[in-house]
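Since the structure comes first, as structure tokens, the remarks are kept for the end.
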Amino acid sequence: WDNLKFDIGGVVEVKQKFFSTLYNIYSFFGLYANIDGFKYVESSLDFEKRPALDQWILSEAHDLVDFVNTHYNKYEPTLVGREIQSFVVDKLSNWYVRLCRRRFWKGEYDFNKISAYQTLYDCLIVIAKISAPIAPFFMDQLFCDLNKTTNRDPNTSVHLCSMPLSSEFQVDRALLKSMRLTKDICSLALSLRKKEGIRVRQPLDSITICLSDGYNKKSVLCD
């Protein structure tokens, strides 16, 4: 028992960073889905027809599924947990949900809003399924709460579901490359702002980004 590693601080950190963030995403989704009566009765929208942000987060989700399956098979649950947390916190919460809030707020129940609902729902279901082996109770509750409204999955528990498989048909590699570069640029700009004492809300006159030779500048999603 002396060699057993258990850090209560680490448990609290995971609870605050991962589980609380995931719960907040679900609460955000549930709030507006209830307002609009979203039950996923529409046909699932084609990947290629969805807005770029939806294609990006779905690409990241399918990339994550491939990573998770590979490392579960290698009995490396710690790597799996860290990668899932990174997706939920850094990509789904800090980028996708934050950039798509207005799509859920707007009054018209149009193609753009339906795509946002379907995309966020699909991501949450994927997270529930791939996280179930390492967070069985939380993920089963998440899955059941999502599925009881849509009934898209015939299973009554996430633990009766098969592990998702990655689909290259829903992974846009060029878009992933562009968005990852965009995120790196934004992170660097925030670091420079902090260093120079410039507030985030204060506009910059300009910012110059130097890319290596041969990089496709047109693929970058931000100015």
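Screening the chain for DSSP H helices whose Cα atoms reach 18 Å or more along their own axis and whose mean Kyte hydropathy is at least 0.5 gives 111-131. Of the residues 109, 40, ranked by 1.4 Å probe accessible area with the largest first, the sequence reads 109, 40.
Rg of the Cα atoms in the chain, relative to 2.2 N^0.38 Å, amounts to 1.11.
Computed over the chain with a Gaussian network model linking Cα atoms closer than 10 Å, the most mobile of 56, 105, 95 is 105. Cα convex hull, region 1-85: 148 Å³ per residue, rounded to a whole number.
Along each principal axis, taking the top coordinate minus the bottom one, the Cα set of region 44-135 gives 46, 23, 19 Å in descending order.
Each residue of region 110-202 gets 181 Å³ once the volume of the Cα convex hull is shared out per residue.
Only the Cβ atoms of Lys and Arg (+1) and of Asp and Glu (-1) were treated as charged; on that basis the dipole of the chain about its Cα centre amounts to roughly 700 debye. Relative to one another, the C-alpha centroids of region 93-111 and region 166-205 are positioned 19 Å apart. If Lys and Arg each add +1 and Asp and Glu each add -1, what is the summed charge of the other residues whose beta carbon sits under 15 Å from the beta carbon of residue 106? Spelling it out: positives minus negatives among the neighbours equals +1. With r defined as the distance between the Cβ atoms of residue 43 and residue 196 and R0 fixed at 35 Å, what FRET efficiency is calculated, to the nearest 0.05? Efficiency, rounded to the nearest 0.05: 0.10. Counting only protein heavy atoms and a probe of 1.4 Å, the accessible surface of the chain is 53% carbon and sulfur. Accessible area per residue was computed with a 1.4 Å probe on protein heavy atoms; residue 210 scores about 120 Å². Overall, region 37-93 carries a charge dipole of about 160 debye about its Cα centre when +1 sits on the Cβ of Lys and Arg and -1 on the Cβ of Asp and Glu, all other atoms neutral. Residue separation of residue 165 and residue 86 scaled by 0.36 nm, minus their Cα-Cα distance, works out to 26.5 nm of gained length. Over all other residues within a Cβ to Cβ distance under 10 Å of residue 159, the charged ones net out to 0, with Lys and Arg as +1 and Asp and Glu as -1.
Across region 1-136, C-alpha contacts under 8 Å between residues 6 or more apart give a mean separation that, scaled by the residue count, equals a relative contact order of 36 percent.
Protection proxy ranking of 158-169, 129-140, 7-18, by the mean of other Cβ atoms within 10 Å over each peptide's residues and highest first, is 129-140, 158-169, 7-18.
The values are calculated or read from the model by the stated rules, or taken from the named source; none is laboratory data. Nothing here was measured: the structure is a model prediction, and the numbers come from that model. Cβ atoms come from the backbone with ideal geometry, glycine included; neighbour counts cover every protein chain shown. Just so you know, the surface numbers come from the protein's heavy atoms only, side chains and all, with ligands and any DNA or RNA stripped out. Shrake-Rupley method; radii C 1.70, N 1.55, O 1.52, S 1.80 Å.
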